[in-house]
Amino acid sequence: MNDRTALVTGANKGIGFHIARLLAERGFRVHVGSRSAERGERAVAGIGGDARLLELDVTDPRSVERAAASVDRLDVLVNNAGVQPVTGPPTATGTEDLRRTYEANVFGVLAVTNAFLPALRRGAHPRVVNVSSGTGSLTWSTHPNPQFAHGSPRSAAYRSSKAALNALTVFYAQELAEDGIKVNALAPGRRATDLIPGAAAGGGDPAEAAEAAVRLALLPDDGPTGGFFSFDGTLVPW
């Protein structure tokens, strides 16, 4: 039986799939979080190792509660599940669009992290990795994509949700430091996934971002907490 256990939300595709695969390759028992049992089972088959499906909809409190009740011990939690239903500026964003985005990208992270805290506290070296976005930085004026540079109003719902997630990362890191739980955020870069329309054509390899997430998941005890890191390891300004 494996000694180390991980949960990756939204692990049936994209960056989450590769994070789960890499953790499984490193000997983790990996709970593959997926809203769809069918898609989750296909992912488990592709991941291999000691991977197992965990049906989990981060926006459904009952689903989160059931999932948490089935996991006794957790060493790594990767909050990867996220959505971007709209890409317009604030004036073209409805309250329902904002609500849908925050339900997954912010409220879901809070619900899952809190629900799995008892299991994390039983882990030997617990780590939490929040998959954020460089577009959530309010000061990164040199972002390679001009529409996401500081001052751009594009993707207001998504970008503000990731800025909120970054704040939560800091607050969790501060609160859980005495428990030895390290909490960091990752800016994975633009990747070839279906999160953003058209990203698959011009995005980078999701596996590269996954490697960065795994590095944060395996930080030593003297490693950082409360940081916001790019996939290349550099600190991203808030």
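The numbers here are math on the coordinates, done by the rules we state, and not lab data. Keep in mind that what you see is a predicted model, and the values were worked out from it rather than measured. Reconstructed Cβ throughout: ideal geometry from the backbone, glycine too, with neighbour counts over all protein chains shown.
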So if I place +1 on the C-beta of Lys and Arg and -1 on the C-beta of Asp and Glu, and nothing else carries charge, what would the dipole magnitude of the range 17-88 be about its Cα centre? I want it in debye, nearest 20. 120 debye
Once you've got the GNM for the chain with C-alpha springs shorter than 10 Å, pick whichever of D72, D222, D60 has the biggest mean-square fluctuation. D222
Place +1 on the Cβ of every Lys and Arg and -1 on the Cβ of every Asp and Glu in the chain, take the dipole about the Cα centre, and give the residue among L53, G82, L235 whose Cα lies farthest towards its positive end. G82
Computed on Cα atoms, Rg of the chain relative to 2.2 N^0.38 Å comes out at 0.94
In debye to the nearest 20, the charge dipole size for the range 5-230, taken about the Cα centre with +1 at each Lys and Arg Cβ and -1 at each Asp and Glu Cβ, equals 260 debye
Connecting C-alpha atoms closer than 10 Å in a GNM of the chain, tell me which of E38, E103, E25 has the biggest fluctuation. E38
Going by Cα centres, the range 1-21 and the range 60-117 are how many Å apart? 16 Å
Theoretical ellipticity at 222 nm over the chain - DSSP helices of four or more residues, -39500 (n - 2.57) apiece, nearest 500: -11500 deg cm²/dmol
Between the residues A67, T5, Q174, the Cα farthest towards the positive end of the dipole of the chain, that dipole coming from +1 and -1 charges on the beta-carbon of Lys, Arg, Asp and Glu, is from A67
Scale the Cα Rg of the range 1-121 by the rule-of-thumb value 2.2 N^0.38 Å and send over the ratio, two decimals. 1.09
List R190, R99, R26 from most exposed to least, where exposure is judged by having the fewest other Cβ atoms within 10 Å. R99, R26, R190
Using the Karplus curve 6.51 cos²θ - 1.76 cosθ + 1.60 with θ = phi - 60°, work out ³J(HN,Hα) for each residue of the range 228-238 in order, rounded to whole Hz, and write x for Gly and Pro. 10, 10, 6, 4, 8, x, 7, 6, 9, x, 5
Taking the chain as a Gaussian network, where each spring joins two C-alpha atoms under 10 Å apart, which residue of V30, V214, V129 fluctuates the most? V214
Out of residues 5 or more away from V30 or on other chains, whose amide H comes under 5 Å of its own, with H placed 1.01 Å from N in the peptide plane? A6, D50, A51, R52
